Amino acid sequence: MAKKATKRDIPYAEAIGQLEQILAKLRSGELSVNELADAVKRAKELIDICREQLTKTAADLKDIINQ
């Protein structure tokens, strides 16, 4: 059975792209006060996704180098 995709199952590059879009909206003042909390929450989720993927990649590289 195929694993159901979640908001956390996105590639690193896509997460970075979404973060850049959120930052651009924040910088431009494009977000309303009502949208701000949701945008910050999503940005935190994306940062966590990137951090997890970078940590895993670093561990994988360390294992490869130490073989």
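Rounded to the nearest 10 degrees, the inclination of helix 12-28 to the longest alpha-carbon principal axis of the chain is 20 degrees.
Charge tally for ALA58 (other residues, Cβ to Cβ under 15 Å; Lys, Arg +1; Asp, Glu -1): 0. For the range 12-65, the Cα-based Rg and Dmax, in that order, read 14.4, 48 Å. With runs of 4+ DSSP H residues as the only contributors, calculate the mean residue ellipticity of the chain at 222 nm using -39,500 (n - 2.57) per run, divided by the residue total and rounded to the nearest 500. Helix-only estimate at 222 nm: -26500 deg cm²/dmol. What does the charge count near GLU35 come to, summing +1 for each Lys or Arg and -1 for each Asp or Glu among other residues with Cβ under 11 Å from its Cβ? Cβ neighbours under 11 Å give a net charge of +1. With respect to the chain, whose longest principal axis is taken over its alpha-carbon atoms, helix 33-65 is tilted by about 10°.
All of the numbers you see were taken from the coordinates with simple rules; none came from a lab. As the structure is a prediction and not an experimental result, all values here were calculated from the model. Counting neighbours? That spans all protein chains shown, and the Cβs are built from the backbone with ideal geometry, glycine included.
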